[in-house]
1. Go through (1) more than 10 Å from the ligand (Cβ to nearest atom); (2) more than 18 Å from Arg52 (Cα to Cα); (3) open to solvent by less than 70 Å² (accessible area, probe 1.4 Å); (4) outside any helix (DSSP H, G or I) and name the single condition Asn148 misses.
2. Determine if segment 188-199 includes at least one residue that is part of a helix (DSSP H, G or I), hydrophobic (A, V, I, L, M, F, W, C), surrounded by fewer than 19 Cβ atoms within 10 Å (Cβ to Cβ) and touching a strand residue (DSSP E or B) at 6+ places or on another chain (Cβ under 7 Å).
3. Take Val96 and tell me if it is modelled with pLDDT under 95, within 26 Å of Arg57 (Cα to Cα) and within 14 Å of the ligand (Cβ to nearest atom).
4. Being under 21 Å from Ala65 (Cα atoms), hydrophobic (A, V, I, L, M, F, W, C) and within 14 Å of the ligand (Cβ to nearest atom) is the requirement here; does Leu162 meet it?
5. Checking the conditions here, which among Ala45, Ala72 is over 30 Å from Asp136 (Cβ atoms) and touching a Gly at 6+ places or on another chain (Cβ under 8 Å)?
6. Output the residues belonging to segment 105-125 that are open to solvent by less than 20 Å² (accessible area, probe 1.4 Å), over 21 Å from Arg57 (Cα atoms) and of a type outside the set (Phe, Trp, Tyr).
7. Could you list, in sequence order, the residues of segment 44-67 that are surrounded by fewer than 24 Cβ atoms within 10 Å (Cβ to Cβ), of a type outside the set (Gly, Ala, Ser) and within 12 Å of the ligand (Cβ to nearest atom)?
Amino acid sequence: MLGWHHGGDSLSAHAQAFNDAPQRMSATSPSLVTRTVALVGLMGAGKTSIGRRLAQRLNLPFIDADAEIEAAAGGTIEDIFERHGEAVFRDGERRVIARLLEQPTHVLATGGGAFMDPSTRALLKAKSITVWLKADLDLMLARVVRRNNRPLLKAGDPRAVLERLIAERYPVYAEADLAVDSVDGPPEATLDGVMTALAGLARSGAT
Ligand code: S3P
């Protein structure tokens, strides 16, 4: 077992942001969302980059689940995969996301495999608004090849891996509350798409 830190633990670079958020929100307009917004989707779909900007727009804290897993494990995701294997990573991912979902409303970027885990998926569906960010294969590929830090993409030709993951995962990502195209170019276009989708959900009374 890894030395995962628990509870109100050492992951707390973001903790203060949680404490500040309610005051900030009440001082401004009522939020479009009353629950955490969790971004799901494949590697390279833009979950972290859009999530960060979405949090700013919504005046909420942003949390990146992968960064929290790394902080809890005291090592990088690559290290965890290499030294302990994917099963241990998934176990830690499940526990970290369960804990994050107990935090006050925020924007959460999840790793691409998180929503594939049945218990994480059930928790995300119960406790957050789930948004599937969906990008073209070529766009995801162009983004992921810029960095060589994703263990699953080292298992073979990155395009072939992404194609396989699309086949396996898209039917499951489709269970998210909302699906938004993550488009090439300035992130504002995708961000506007997410805001529009959230507004539609709010109007339908589902938030
Ligand atoms: C994974 C995606 C990664 C990271 C890990 C496994 C996956 O996150 O959690 O490498 O299974 O798709 P990103 O989607 O943020 O790259």
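The values are calculated or read from the model by the stated rules, or taken from the named source; none is laboratory data. Owing to the predicted nature of the structure, the values given are computational and were not obtained by experimental measurement. Because the Cβ atoms are built from the backbone with ideal geometry, glycine has one as well, and the counts that use them run over all protein chains shown. Note: areas computed on protein heavy atoms with side chains; ligands, DNA, RNA excluded. Shrake-Rupley method; radii C 1.70, N 1.55, O 1.52, S 1.80 Å.
1. (3)
2. The answer is yes, given that some residue of segment 188-199 is part of a helix (DSSP H, G or I), hydrophobic (A, V, I, L, M, F, W, C), surrounded by fewer than 19 Cβ atoms within 10 Å (Cβ to Cβ) and touching a strand residue (DSSP E or B) at 6+ places or on another chain (Cβ under 7 Å).
3. Answer is no for this residue.
4. Spelling it out, Leu162 is indeed under 21 Å from Ala65 (Cα atoms), hydrophobic (A, V, I, L, M, F, W, C) and within 14 Å of the ligand (Cβ to nearest atom).
5. After ruling out the rest, the residue left standing is Ala72.
6. Hits for segment 105-125 are Gly111, Gly112, Gly113, Ala114, Thr120, Leu124.
7. Answer for segment 44-67, where residues must be surrounded by fewer than 24 Cβ atoms within 10 Å (Cβ to Cβ), of a type outside the set (Gly, Ala, Ser) and within 12 Å of the ligand (Cβ to nearest atom): Thr48, Asp64, Asp66.
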